[in-house]
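So the structure is just underneath, and the comments pick up after that.
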Amino acid sequence: MITRIYILISFLLVPFLLAAQSINISEGEVFDGEPFMLVNPQNQQHIIVVWMGFDGLELVKIKERVSFNGGNTWSDIIEFSHIISGFTSADPSMDFDSDGNIFLCFIDYNLSGAAGSTIIYKSIDGGLTWNAPVEVINVFADGSELPVDRPWMVIDKSGTASDGNIYVTTKPAPWIPFPNRNYFIASTDGGASFNPWRNIDTMGWRIGSFIQAPMASPAVSKNGIFYSIYPAWELTENILPRFILASSENAGGTFNYTEVFESPPADLNKDTSAKLGYHLIPDPSDVNHLAFLCILQSLGDADIFLLESFDAGNNWSSLIRINDDAINNGTMQDLVWADFDLDGDLFVSWRDRRNAIDTGFAVSSQMYGAIRWKDSLNFSHNFPISDVEVDFDDVLYGNGNDFMCNAMVNDTIYAVWGDTRDGKLNIWFNKLSAQTFSGTGIQQIVSESRDAFLLYPNPANNVLQIEGENINRISIFDIAGKIVFNQQYSNTNNITLNIADFKSGIYSITLQQNENTTSQKFVNQ
C-alpha cells in the first residue's frame, strides 16, 4: 500500500505444531507484499491470490496466481500492466459476484501524484484472463486530495434488487495534510461504470482534523445492506477518538450512523511500526451479525480484539480478547484478518510474537489463528498457521507489508502472509483443517530479494533513516532530476539524514555500496 495503516494512535498526532512444511510459490526477484486471497465458496478447489510485486523498473505491479486443485499446483504468474508507462500499482482486493465472476480492484498511479486512478478488472474464467480496466475514481476527483489510497472493494451477493452492486472505499494519499476524509464509490451496473463519489462521514460523525489516514473498512450483508467502519475524532462531537459504523440500504444514497467504540488514551497503540489495520466482516448465516476486528492496548500491550453486533450494528459488544498469551506480557500482536464460513463459524488470524525472546515490533514472529464455532461462546486455543518462528528483518518496517489474508470454507482454513524466513520478503500459503489444525502443505507463493538498503520512514518528515552495508555515497534527486543532496561516506552502515529543509514531494535516493549502485523513491511530507 502507499503507506502503513495506523489504528487510533494516529488520532493523537497524525502449542500446536503443524505437520506441513512451507513452500514458496511466488518466485519474484525483488519485492512482494500485501497478498489478497479468494477461495470460491462454490468450489473450494478454486483459489486466487494477488499481491504487489516488483516490475523490474523499481516500480510495483499487481501479480496473480490461480489454483484449481485446492492449492496443490498453481498457474504461472499473471501480471497486470500499468495503464500508463511509468506508473506503479498497489493495494489489491478481490471479490466474487453471484454469477462467479471475479473482480479485482487496485490503484495505478504516478509516484509524483500527477496522475492515476483506482481501477477495477473483471474475469469470467476464474482469474486466468481479465477484461480491460474500468476507472473507479481518479486521482484528481477531489481537487488535490488524491483519493486513491487503500481501496477496499466488496460486492453485493444478496439476491435482492441490489445484487451485483460493487462498492469501493478509498482515502487520500498519505502525504496529503489532514484534515482528510474517506470516499465511497458505487457501481450499480455490475462494474461497467461507477457513480460519482461521496464522502462517507458527515456532520455529527466527522472524521475530524487529526486523522491523516482514515481508512474505511467495507462489508455487505446477505440482505444487501452496505456497512463501513471508519475512525473519527472531531472534538466538537466527541472528546475521545472513536470508530463509527456507516450503513446504507440504497447503494450509498443515504447513510445511517452509530458509534462502535470510543477509545480512552490507555487503549491507543504507541508503536507506529506495527501494522494496525482493522477489519469489518458480516456473518453470512445471520444478517444481523457483524464482527469488527482491531488491535488495541486496552490490557497493557497490543492484543487482537473483537467487537460484534447482533442487531445490524445498532449496539456493540464490549471488547473480546482473542490471543491467549499472558495478559500484559509485553507481546505485540498485529496484522489481523478474519473470515466467517457459510455456517457462521469465525476464523481470526494475526502475526504473533509470544515466542520471541524480547518484546516490541522488531522481534521474531509466527502467524497464529483461533476459531470460534457458531454455537460456542469462546474461541479455541491459539494455534500456529505458519510452520516456523521467523527472525525479524528490517524490511518489515517498510510499506507494502501491512496485511495478511485468510478464508474459511467448509471447516478448511486458508491463509496467505508475508515473512522473511529465507532472508527475502516472501508470500506463503497454507491450508489446514479447522478441526485438527493439521496442515496440508504450506507453499511459498512469492520469493523476492530485498532492496540493497532499507529506507524509513516513508513518507518521511524531517528525518530519513538509511540502513545498508558499506555505503560510500548518497545522492538525492527531486522529481525534476535536480540533485539536492550529495555526500560521500566511508563504508558506513547506518545513516540518519536531516531533510527538514526539503520541500514536500517525491524524491529519488541513490546509494553507492562498493561496486553497486541502487535507488529507491521516498516521499517527504
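The values are calculated or read from the model by the stated rules, or taken from the named source; none is laboratory data. Everything numeric in this text was worked out from a predicted model, so none of it was measured. Glycine also receives a Cβ, built like all others from the backbone with ideal geometry; neighbour counts cover every protein chain displayed. Each accessible area value is taken on the protein alone, full model and side chains, heavy atoms only, with ligands, DNA and RNA left out. Shrake-Rupley method; radii C 1.70, N 1.55, O 1.52, S 1.80 Å.
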Could I get the Rg over Rh figure for the stretch 371-413? Both from C-alpha atoms, Rh via Kirkwood, rounded to two places.
1.08
Simple spin-label estimate for Asn498 and Val388 in nanometres, 7 Å along Cα-Cβ
4.3 nm
When you take every Cα atom in the stretch 342-430, what is the radius of gyration, and what is Dmax, the widest Cα pair distance, in Å?
14.2, 43
Averaged per residue, what accessible surface does the chain expose to a 1.4 Å probe, in Å²?
37 Å²
Among 92-100, 403-411, how do they line up by average Cβ neighbours within 10 Å per residue, starting with the highest?
403-411, 92-100
Would you please name the chymotrypsin sites (Phe, Trp or Tyr not before Pro) within the stretch 140-223 that are DSSP coil residues with at most 16 other C-beta atoms within 10 Å of their C-beta?
Phe140
Within the stretch 275-297, find all residues whose amide N lies under 19 Å from a label point positioned 7 Å from the Cα of Asn223 along Cα-to-beta-carbon.
281-292
Can you list, largest first and rounded to whole Å, the semi-axes you get for the chain by taking the square root of 5 times each eigenvalue of its Cα gyration tensor?
32, 27, 25
Report, to the nearest whole %, how much of the accessible area of the stretch 91-195 belongs to carbon and sulfur atoms, 1.4 Å probe, protein only.
53 percent
Most packed first (mean Cβ within 10 Å per residue), the peptides 389-396, 294-301, 490-497 order as 294-301, 389-396, 490-497
Answer in debye to the nearest 20: the dipole magnitude of the stretch 356-485 about its Cα centre, from +1 Lys/Arg and -1 Asp/Glu charges placed on Cβ, is 320 debye
Percent relative contact order for the stretch 282-386, counting Cα pairs under 8 Å at least six residues apart, stands at 21 percent
Rounded, prolate or oblate: which one fits the stretch 71-208, using the alpha carbon gyration tensor with axes a ≥ b ≥ c (rounded when a/c is under 1.5, else prolate when a/b beats b/c, else oblate)?
oblate
Checking the cross-link filter: which aspartates and glutamates have an alpha carbon closer than 18 Å to that of Lys374, excluding same-chain neighbours under 8 positions apart?
Asp283, Asp286, Glu308, Asp311, Asp339, Asp341, Asp343, Asp345, Asp411
Could you list the residues of the stretch 487-505 with an amide nitrogen less than 11 Å from a label point located 7 Å from the Cα of Asn472 in the Cα-to-C-beta direction?
489-491
Among the listed pairs Lys482/Lys521; Lys63/Lys122; Lys270/Lys424; Lys63/Lys521; Lys61/Lys521, which are separated by more than 19 Å between their Cα atoms?
Lys270/Lys424; Lys63/Lys521
Of the heavy-atom accessible surface of the stretch 471-510 (probe 1.4 angstrom), what whole percent is carbon and sulfur?
45 percent
Which lysines, if any, have their Cα less than 18 Å from the Cα of Lys171, not counting same-chain residues under 8 positions apart?
Lys275
